[in-house]
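Colleague: Below you'll find the structure I mean.
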Amino acid sequence: MEFYGYFRSSSSYRCRIAFNLKGVEYTFKQVHLKQGEQHSEAFKALNPQGLLPALVTDDGDVLIQSLAILEWLDETQTGMPLLSSDPLTRAQERGFAQVIACEIHPLQNLRVLKYLTGELGLSEGQKDAWLHRWLRTGLEACEGLLQARSATKFCYGDTPSLADICLVPQVFSATRFNVDISDLPRVSEVYEACQKHPAFAKAAPQNQPDFEA
């Protein structure tokens, strides 16, 4: 498999965690977002949307969008299941993941931030206020979902799932953008539990071959 990603990309981070949980080996192909490589003709031939991640399977098929890649991995690869076998819990895990992947993460996307400070002419302070508003509101919703159920080590049980795979990169982003979430205890507890899991530790941005301080 060939995996096209970037160390700081939240959606790429999700896939790295899943690869590690599944024990899947892949060849990494860097797409440097800050240098605009996602807009190159070569990459857009793989993903016309010009977004990360992209995965080329062993059969040469191209998959895009992290949640689709994660579900494909779960359906085709052995190793730790990423979704519960219980239909209700499975739907809850998907819902939690979509809060992050569909509602929070798109608003911190590099192309959105560039539009805010470029075409709309927002100052850096106004852009930061935008980020803080939506990242904080979204993670408060995640906290509410976790508070509504009995506490477990990870989001929906004693092993990581799709929910944890999405939560950890989002908390990483919140920290990077200086969003204080110290008053969200369940989010913080799950994040800390994940940091102690080798699959999550190996997937961390600072442990990637293309890491830049």
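Colleague: Please name all residue pairs, on different chains or six or more residues apart, with Cβ atoms under 9 Å, provided the first residue is in the range 62-73 and is under 12 Å from Ile165 (Cα atoms) and the second residue is buried (at least 20 other Cβ atoms within 10 Å of the Cβ) and among the basic types (Lys, Arg).
Modeller: Sorted first by the residue in the range 62-73, then by its partner, the pairs are Ser66/Arg14; Leu67/Arg14; Leu70/Arg14.
Colleague: Okay, moving on. Which condition does Cys155 not pass, out of (1) in contact (Cβ under 8 Å) with a residue 60 or more places away in the chain; (2) over 27 Å from Glu192 (Cα atoms), if it passes all the others?
Modeller: (2)
Colleague: Tell me, which helices (runs of 4 or more DSSP H) wholly within the range 103-213 include 3 or more residues that are over 22 Å from Arg8 (Cβ atoms)? Full working, then the answer.
Modeller: Numbers: elements: 110-117, 124-147, 162-176, 185-195, 198-203.
Because the criterion is at least 3 residues that are over 22 Å from Arg8 (Cβ atoms), the helices (runs of 4 or more DSSP H) in the range 103-213 that meet it are 124-147, 185-195.
Colleague: Would you please name the residue that is surrounded by the most Cβ atoms within 10 Å (Cβ to Cβ), looking only at residues in the range 39-78 that are on the phi > 0 side of the Ramachandran plot and either under 20 Å from the mean Cα position of the chain (by Cα) or among the acidic types (Asp, Glu) (or both)? Spell out the reasoning first.
Modeller: First, the residues of the range 39-78 that are on the phi > 0 side of the Ramachandran plot: 50, 60, 65.
So of that shortlist, the ones also either under 20 Å from the mean Cα position of the chain (by Cα) or among the acidic types (Asp, Glu) (or both) come out as 50, 65.
On the way: Gly50: 15, Gln65: 17.
Among those that are on the phi > 0 side of the Ramachandran plot and either under 20 Å from the mean Cα position of the chain (by Cα) or among the acidic types (Asp, Glu) (or both), it is Gln65.
Colleague: In the range 51-103, which residues are touching a helix residue (DSSP H, G or I) at 6+ places or on another chain (Cβ under 7 Å) and charged (D, E, K, R)?
Modeller: Glu93, Arg94, Glu103 - these are the residues of the range 51-103 that are touching a helix residue (DSSP H, G or I) at 6+ places or on another chain (Cβ under 7 Å) and charged (D, E, K, R).
Colleague: Follow-up. Would you please name the residue that is surrounded by the fewest Cβ atoms within 10 Å (Cβ to Cβ), looking only at residues in the range 3-14 that are in contact with a Leu (Cβ under 7 Å, 6 or more places away or on another chain) and not in a loop (DSSP other than H, G, I, E, B)?
Modeller: Phe3
Colleague: List the number of the failed condition for Pro48; all other conditions in (1) closer than 21 Å to Ser161 by Cα; (2) modelled with pLDDT of 95 or more; (3) not aromatic (Phe, Trp, Tyr) hold.
Modeller: Result: Pro48 fails condition (1) only.
The values are calculated or read from the model by the stated rules, or taken from the named source; none is laboratory data. Just so you know, these numbers come straight off a predicted model, no measurement behind them. Heads up, the Cβs are rebuilt from the backbone with ideal geometry, glycines too, and the neighbour counts pull from every protein chain shown.
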